[in-house]
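Remarks on the structure that follows.
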Amino acid sequence: MTIGGKIISLESVDSTNSLLLSDRYRLMPSGTVMTAETQTAGRGRGNKIWFSPKGGLYFSILLDAQTDLNEYNKLALMIAFAIRGQLIQYSENADMRIKWPNDILADGRKICGILTQAKTRGETSRVAVGIGINLNIAKPDFPQDMDIDPVSLSELAGEPIDKDLFLRELLDRIEKVHNDFLDGGFEKILDDINAVLFSKGREMDFSIKGRTKNFRVLGINPDATLRVYSPETGIITINIIDTK
Ligand code: BTN
């Protein structure tokens, strides 16, 4: 299936995820991509706002969901891995890691976030995989009160990034991993994903059902959940829907 066979490019929108999943776009083919220069109500995980100033790359991919919606947690990780692959082409010296469930951090600073949302109508479901990448955002244009220090790819690369070219290259990569996903390919790249997992073997706070707890990160499981350890709980599994 072609990802980006149809691309809808907008100047400003509330959220590319919300608009693409709205009834207005219900007849759009699977694989349609919507981009926006800015978003007025960009959404992040856990009901957070995704600040979307000009210069960032904001887009969503609309997909017909054919399987269990939990499977899309695997796709989001596969896409994160593909995005990481592209980001390091532009910034070879950065330590580019995947922070479960699907952020990308460069030297511990947030460069990309992914939000997967689904909409079910009757028997069928559609998924929007929304991707925000800090591409050409000057440091003062980021809000001051972000949870994780943000960084822009242009800062790492030392030069502005050609957004159209970057998106074209990225959609090619995403099309490949989407086909791999449909062929059940998550487990094949799981070791590679775990090799670049942020905080692997170290301790990290997780907000689970509203309570923050500290765990040692052990690795991502074949079902895309996270294996963690604390002396109090032993080894347990964290599910994306349980985290804030
Ligand atoms: C996160 O890190 O919490 C996920 C952020 C996802 C942001 C993208 S930008 C394009 C798409 N539209 C949205 O409203 N959110 C996603």
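The values are calculated or read from the model by the stated rules, or taken from the named source; none is laboratory data. None of these values were measured; they are calculated from a predicted model. Backbone-built Cβ (ideal geometry, glycine too); neighbour counts: all protein chains shown.
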ASP107 passes all but one of the listed conditions (1) surrounded by 17 or more Cβ atoms within 10 Å (Cβ to Cβ); (2) more than 10 Å from the ligand (Cβ to nearest atom); (3) under 26 Å from LYS139 (Cβ atoms); the exception is number (1)
The residue from LEU87, LEU77 that alone is of a type outside the set (D, E, K, R), within 14 Å of the ligand (Cβ to nearest atom) and buried (at least 16 other Cβ atoms within 10 Å of the Cβ) is LEU77
Query raised in the report: Would it be correct to say that PRO101 is within 12 Å of the ligand (Cβ to nearest atom), in contact (Cβ under 8 Å) with a residue 24 or more places away in the chain and either in a loop (DSSP other than H, G, I, E, B) or in contact with a helix residue (DSSP H, G or I) (Cβ under 7 Å, 6 or more places away or on another chain) (or both)?
Result: yes
With the first residue restricted to the stretch 118-144 and required to be in a loop (DSSP other than H, G, I, E, B), and the second required to be at pLDDT below 90 and surrounded by fewer than 22 Cβ atoms within 10 Å (Cβ to Cβ), Cβ contacts under 8 Å at 6 or more apart or on different chains are ASN134/PHE142
Over the stretch 188-244, the set of residues out of contact with any helix residue (DSSP H, G or I) (no Cβ under 7 Å at 6 or more places or on another chain), exposed (fewer than 12 other Cβ atoms within 10 Å of the Cβ) and under 21 Å from ASP68 (Cα atoms) is LYS188, ILE241
Filtering the stretch 35-63 for residues that are at pLDDT 95 or above and part of a strand (DSSP E or B) leaves a count of 13
Restricting attention to the stretch 12-64, the residues that are under 16 Å from PRO150 (Cβ atoms), polar (S, T, N, Q) and away from the ligand (no atom under 11 Å from the Cβ) number exactly 0
_Just to be sure before I move on: is GLY4 within 10 Å of the ligand (Cβ to nearest atom) and not basic (Lys, Arg) in the structure I sent?_
no
